[in-house]
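See below for the structure under consideration.
We did not get these values from a lab; they are worked out from the coordinates using the rules stated. For clarity, every value in this text was computed on a predicted model and none was experimentally measured. Quick reminder, even Gly has a Cβ in these numbers, built from the backbone with ideal geometry, and neighbours come from all protein chains shown.
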Amino acid sequence: MKKLAIIGFGGAGYCAAAAARECDPDAHIDVYTDTDIGPYNPMLTTYYVKGAIDYDALFPFGSLEEIQKKLKLQVYRDTPVTGLIPAEKAVCLADGTKRAYDSILVSTGASAFVPKIPGWDLPGVFKMRTAADAVHLKKMLEEGKIRSGLVVGASWVGIKVLEDLVERGIDCTLIDGADWSFSIAVFRETADRIQRDLEKKGIKLAFGQMLSHIEQEPDGRLTAVMKNGNRFTADTVAICIGIRPNVGFLKDSGIAMNRGVLVDEHMRTSAEGIYAAGDCCEAYDIQSGEQKNIGVWLNARKQGAVAGANMVGVKREFGGNALLNLAHYLDYDFISIGDVTSCREEDEVYEYEDERYYFRAVRGGGRIKCINMIGTADSNGIVKSIFIKSFENSAAELDVSAVCYLRANGFPESFIEFIGGKIVDRA
Amino acid sequence: MMKYVFTFDPNRCSACSSCMIACTDQNDIDLAAGEKCYRKTYDTEIPLDDGKVYCAYLSTACMHCDDAPCIAACPVGCISKDPDTGFTIYDNTNCIGCKSCAMACPFGAPRYRKEDGKMVKCDGCYMRVKNGMKPACVRACSFGALDCVPEDQVTGAYSDKACNVLINQAGLRRKAH
Amino acid sequence: MTELEKKIKAKIPGEDTGIEIKRSLCAVCSPGNHCGLDCYVKDGKLLKVEGTLEHPYNKGKICTKGASNRDYIYRKDRVRTPLKRVGARGEGKFEPISWDEAYQIIAEKLNAVKEQYSPHSVAFFSGFCKWYRPILHRFCYTFGSVNFGTDDSTCFKSTDICHHLTTGRGGNGPNLPNANTFLGWNYGGYYSNHLAVPGAQALKERGGKIIIIDTRYTPAAKNLADIFLQINPGTDGALALGMAKIIIDNGWADMDYIEKYTYGFEQYKELVQKYPLDKVCQITGLNPDDVFAATKLFATNGPAAINFSASALAHRTNGLQTNRAILCLSALTGNYDQPGGNIPSVASYLHKRGGFDTREMEFRESKRPHDQLRIGETRFPPWDEYCDEFQAMDLLRQIEEGTPYPVKAIVGFGFNAKMFPETDKLVKAFDKLDFFVDADMFMSYTTRFADIVLPSCSSLERGEMKAYEGGYLTFTKPAIPPLYESKSDVNMLCELARVMDLDDDLLKAGYEACCDWMIQDTGLTVADLKASDLPVKVPGAKPTVPGEYIKNGFKTRTGKFEFYSTAIASYDPKYGLNPLPDYVDPLADENDPETKANYPFHLIAGARIPNTLHSRLHEVPWLRSLRPDPLVEIHVDDAKRLGIGEGDKVALSSPHGTIHLKAKLTSKVKPGVLMMAHGYTEANANELVGRNHLDPYSGYPGFKSLRCAIRKEAE
């Protein structure tokens, strides 16, 4: 009987447990979680805050009890793993307990990063990642005292927090240290359009503003003070400047790491028998061929399932990541596909804009490098699929159904040409 | 698990759209309010390099992929496989309209419904199929372009006839189990 | 959701869900079809429709339009009660009145016209749906008017007249199960006659060959054609004559058949000598090799069947003779009334061939008055001889001019003014009427001009008798009760007959009594038919057997298939009609240099698209959503030259009017050709058609060949 440990129980941990159980009905599976709640999707937190879903819906796989029963797991609640000994394939707990396994999965996820600047812990300063964060914000908003808010970090989380506030009629300012929003994912030009459209919705923007510290005003309001001396005052401050993989407990383990734990296509780390999956790892990015931390729910689930199967001896591979960022807020959506930072001056640029859509795409070295699209939500899957196909075959063209679909959705012919042209199978 | 597949023969289709109307009738889709039908037909002309024009007639909806990427992509777990038909079905009670399923789908099958901010898509008329009936769109196709058959019957006549061409082109061919 | 809730949502019929399947028929199109429908009904409400699998006619299949029955029936603009006009004619202001009051007014007004002028000054006119025609026809005659007219004035009858002139019989459908080659002349199928497609598919699948001749590259051309000839619009007659020359020159003509069964071959042979291949290709815009290959295939890979359309070719000023030229190819190759060729047949009831006789003809003929000329009579001699209706294309003139006698009232059922060229003039002419009553399901463009509007119900809300191929008769039962205060058209007529106390006990006895009278020789009664949810086989119904008709001699003056029409030869030479099917330019009346220069495009108005038929389906939201705007299709090269982009607003104009619509760029039509669907109120193609742009043989308007100009309009 194989003995498995899963450290961290989010989407990746759950899918690993489910896959392992499916492949090996007899395996002994221990799960260590630092919470006493079931696996949930951090992306759902802001939807809970706005009332789109009930608290229970944060947990798409059911409660911890249900999962434990269904998958026959031994779950250690509120039991953070403090260290890992690769040579012994053992996990260490705070109380000194050490347990050895046949294989171990690190699926500890990531946490919202809040720098410990002065004022970070003032009441009214909040972050958004965990279920507890969501409960906290919802309660605060429901008290109805918040009239104005600052969102620091024009990030994927920041924009959703902003939506929660704006939909409740709260006057909002979006602040970021970069010169434009979503700067690591979108082109400057895309950001310009996004920002114009945000401003049309009555949102104030302030970019190029590095947060220094937060002060409390005599009336209880909060002032975010910038390194350049600018001051922004509001009832509440959200800090959404990014996430960090939860890999601190591995720092002495000798397991190869960058920001996250490096893994191969089987989700194996550098240490034999130790796997990693989800937001805490860096798997191969099909575009750069390098390992990258791409923290999205679908990746976490797929990687977890691959790891779980491999841990019980069933070979599976993770097909790789592509950089993908989708934002959908305030009846608006945009997507960035591919790595914006890989684009170079000499690359070929495509741009198109009408009332409904914005497109910007870059081609270089015979390949599509990055596509930004605004307003295309229904069609994103098709374009993403074309992008991924272009890595399998740089000469890939669009099939008839894709052409039909994009045309019917009002995509310009020139964009269809740019991302691959058309192929007609006249068999 | 009994599994059913949709087959499509592009050489029998004329984009007459009776499949779309039948889908609308079956699913009470409010086209007048701007809702979109789960199935969509296309009548498109594609210029070819030799100066000729290829006239495409197509009818597409959810392909009910074996390894349907939308299922795992949904953060609230709305989407699942119906054990009796193998179709990709959903319960959008908890749908947050995040469009992750649309981003995962290579066919653009999930559609965002503005009226209630939720995702909708073709469920293969799985309740009809379970009750011994054909899906509404198939029933309305007079030309034999669309069909829905148990997977083990997709042989011979269809194998050389671009069965489910769309799914094949996208490399998501349903795997035989 | 519980399992039961899921079943209810999925509309699964059963005791647990309370959803019942009721059988009815679809009547959104012409009675030439009328497919069996399964109506999913719960609590008197229609939930959805499907074709009836067990129905002998459509075997479960319905088309795009039929699939929309629910949306059609629950259209918001259904006429709900009888209405009386209170505003100016055309203004659309009405007030609801009771049925009794409506009948009283109608009786009074019609009798007043009858007294002041004559019963013939009341014209009875039927548009869609045509199912009640025997009753309306008899009502008209019993009332004393010769003037019964229908949309046959522009549909189907021209082809039928052509066939009667030439062969003495109608029908003449292609016998595909026995054919090796199908000459799909103007065969659209997919968008116009869905039940015709499976037969062609089957022929192709068993190795048969298909030739498609059309002005546009259709799904049939793509999916079915071995040879596709994209012909210049309206030049089909020249092609048929050119093909005949090739057939004769190459010795492919069936001389035994010709000798035995035909008349006028020598004159015909002489005629076709005028159409050598190069000249034919110049006229038709076709490639000589393609024409030769198609001709050879048709003539040497027999048996070969030809498609004849109800309107496509007939809607040209040379239409009847074009159809005659094509029909001649069937006899020339010995395919007429032979297995795998074209087989004549006789209608049993309402154009449907069931292989049994009813007394439909006698039902009306017994009441026919003979004391006046019908509207349009003496204008189109073949029409006069072969149709027992007035030719409505003369209605506008007669209302305007009042000669030879005035028309002062119209009793319309589904009257569609948009069917008429110069529609705008016709509705203006309604001002000269003393009275206009129109029954319709919907508040249509035309009902706005009526004095009284009567609410008709749909086929799903009534019982009706219907014959089907294969020897079937049916009498449907309502699937849902009539909506609002609507009634079945025939009930209105029989009730009105009682109110007016017409001298007609049978009519007054009601529709079912009339049907029983008409089917008295079949061995069945309405009660027998109603006992079944599906069509009932008529005892003794005989299938059409190829070869049986010609064995006993053709019902023409010569008893032969007439290449040279002795009927046409018998008409007064003043009409200038040609007994031989010679080709005439379809734009012959519009070819003066000035018109040519100002209106350089060839407009085909009324080309079929999948989601509409005539006018009433334009307003069905589901169908409208498939093509929300009226579109004119223009070749991409023409569009480029004129600076017209996809979806641009354009104006189409002719010497008779201008309409506004949007452009759809395509490569499916030839350069120089424009194509659009008809029946739109906001872009009514018939406002471009001149009232005298008519086929002199049939009186049919040249809807599908007229000169036109297109220009881009400012946004």
*Over chain C, what is the percentage of antiparallel beta bridges among all DSSP beta bridges, to the nearest 5?*
55
*Averaged over all directions, how much area does the convex hull of the C-alpha atoms of segment C:170-345 cover when projected, in nm²?*
9.1
*asked:* To test your reading of the geometry: what angle, between 0 and 90 degrees and rounded to tens, separates the Cα axis of helix C:319-332 from the longest principal axis of chain C?
replied: 60
*Evaluate segment A:134-202: find the radius of gyration of its Cα atoms, find its Kirkwood radius, and give the ratio Rg to Rh.*
1.01
*Starting from the Cα gyration tensor of segment A:261-418, take the square roots of the eigenvalues, sort them a ≥ b ≥ c, and report rounded, prolate or oblate (rounded when a/c is under 1.5, otherwise prolate if a/b is larger than b/c, else oblate).*
prolate
*Can you tell me the relative contact order of chain C? Whole percent, Cα pairs under 8 Å, sequence separation 6 or more.*
18
_Sites A:ASP34 and A:SER414 - FRET efficiency at Förster radius 45 Å, r taken between beta-carbons, to 0.05_ = 0.30
_Rg in Å to one decimal, and Dmax rounded to a whole Å, for chain A via C-alpha atoms_ = 22.8, 76
_With +1 on the Cβ of every Lys and Arg and -1 on the Cβ of every Asp and Glu, and nothing else charged, how large is the dipole of segment C:203-273 about its Cα centre, in debye rounded to the nearest 20?_
380
_Percent of Cα pairs exceeding the 18 Å cut-off, where the set is segment C:583-642_ = 56
*Summing Lys, Arg as +1 and Asp, Glu as -1, what charge do residues with Cβ under 10 Å from the Cβ of C:ASP160 carry, C:ASP160 excluded?*
+1
*asked:* Of C:MET518, C:ALA497, C:LEU483, which is farthest towards the positive pole of segment C:480-535's charge dipole, taken about the Cα centre with +1 and -1 on the beta-carbons of Lys, Arg and Asp, Glu respectively?
replied: C:LEU483
*Cα centroid distance between segment C:47-76 and segment B:73-97, in Å?*
31
*Check: segment C:588-712 dipole with +1 on Lys, Arg Cβ and -1 on Asp, Glu Cβ, in debye*: 360
*Which semi-axes, in whole Å and largest first, does the equivalent ellipsoid of segment C:588-712 have when worked out from the alpha carbon gyration tensor as the square roots of 5 times its eigenvalues?*
22, 19, 12
*If we count trypsin sites (Lys or Arg not before Pro) as exposed when they sit in a DSSP loop and have at most 10 other beta carbons within 10 Å, what is the longest stretch of chain C that avoids them all?*
C:207-715
*Normalized C-alpha radius of gyration of segment C:376-451, against 2.2 N^0.38 Å?*
1.12
*Please work out the ratio of the alpha-carbon Rg of segment B:4-169 to 2.2 N^0.38 Å and round it to two decimals.*
1.05
*Which order do C:GLU377, C:GLU389 fall in if you start with the one that has the fewest other Cβ atoms within 10 Å?*
C:GLU377, C:GLU389
*Which listed residue (A:THR376, A:PRO412, A:SER390) has the Cα farthest towards the positive end of the charge dipole for segment A:331-418, taking +1 on Lys and Arg C-beta and -1 on Asp and Glu C-beta about the Cα centre?*
A:SER390
*Please report how far the C-alpha centroid of segment C:522-540 lies from that of segment C:236-280, rounded to the nearest whole angstrom.*
47
*Hey, how many Å between the Cα centroid of segment A:150-165 and the Cα centroid of segment C:1-26?*
47
*Sticking with the crude label model, points 7 Å out along Cα→Cβ, report the distance from C:ASP278 to A:ARG344 in nm, one decimal please.*
6.3
_Taking 8 Å as the Cα distance limit and 6 or more residues as the minimum spacing, I'd like the relative contact order of segment A:331-418 as a percentage._
27
*So what is the calculated 222 nm ellipticity per residue for the protein assembly as shown, using -39500 (n - 2.57) for each DSSP H run with n of 4 or more, over all residues, to the nearest 500 deg cm²/dmol?*
-7500 deg cm²/dmol
_Sequence-separation-based contact order of segment A:125-241, relative, with Cα cut under 8 Å and 6+ spacing, percent_ = 34
*asked:* Net charge within 13 Å of A:GLY220 by Cβ-Cβ distance, Lys/Arg positive one each and Asp/Glu negative one each, not counting A:GLY220 itself?
replied: -1
*What number comes out for the charge environment of A:ARG147, summing +1 per Lys or Arg and -1 per Asp or Glu over other residues with Cβ under 15 Å away?*
-4
*Check: segment C:432-542 dipole with +1 on Lys, Arg Cβ and -1 on Asp, Glu Cβ, in debye*: 380
*Hey, how much of the P(r) for segment A:125-241 falls beyond 17 Å, as a percent of Cα pairs?*
53
*With a point put 7 Å past each Cα toward its Cβ, work out how far A:GLU272 is from C:ALA588 in nm, to one decimal.*
9.7
*Please work out the ratio of the alpha-carbon Rg of chain C to 2.2 N^0.38 Å and round it to two decimals.*
0.94
*Just check the protein assembly as shown against the gyration tensor rule for me: Cα atoms, a ≥ b ≥ c as the square roots of the eigenvalues, rounded for a/c under 1.5, and otherwise prolate or oblate depending on whether a/b exceeds b/c.*
prolate
_Cleavage-rule hits (chymotrypsin sites (Phe, Trp or Tyr not before Pro)) in segment A:10-118: DSSP loop, at most 15 neighbouring Cβ within 10 angstrom_ = A:PHE113
*When DSSP assigns beta bridges and you keep just the ones with both residues in segment C:170-345, what percent turn out antiparallel, to the nearest 5?*
20
*Just going by the charge dipole of chain A, with Lys and Arg at +1 and Asp and Glu at -1 on Cβ, which of A:CYS15, A:PHE182, A:THR45 is farthest out on the positive end?*
A:CYS15
*Counting other C-beta atoms within 10 Å, which of A:ASP279, C:ASP589 has the fewest, and how do the rest follow?*
C:ASP589, A:ASP279
*asked:* Given a 10 angstrom Cα cut-off, can you work out which residue in A:SER336, A:SER401, A:SER111 is the most mobile in a GNM of chain A?
replied: A:SER401
*Quick one: of A:LYS127/B:LYS114; C:LYS209/C:LYS296; C:LYS48/C:LYS418; A:LYS204/B:LYS99; C:LYS11/C:LYS48; A:LYS50/B:LYS118, which pairs are farther than 20 Å apart, Cα to Cα?*
A:LYS127/B:LYS114; C:LYS48/C:LYS418; A:LYS204/B:LYS99
*Per-selection metrics, segment A:1-42 (Cα): Rg and Dmax in Å*: 10.5, 34
_Given points 7 Å out from each Cα along the Cα-Cβ axis, report the A:ALA395 to C:VAL86 separation in nanometres with one decimal._
7.5
*Provide the percentage of antiparallel DSSP beta bridges, counting only those with both residues in segment C:575-706; round to the nearest 5.*
55
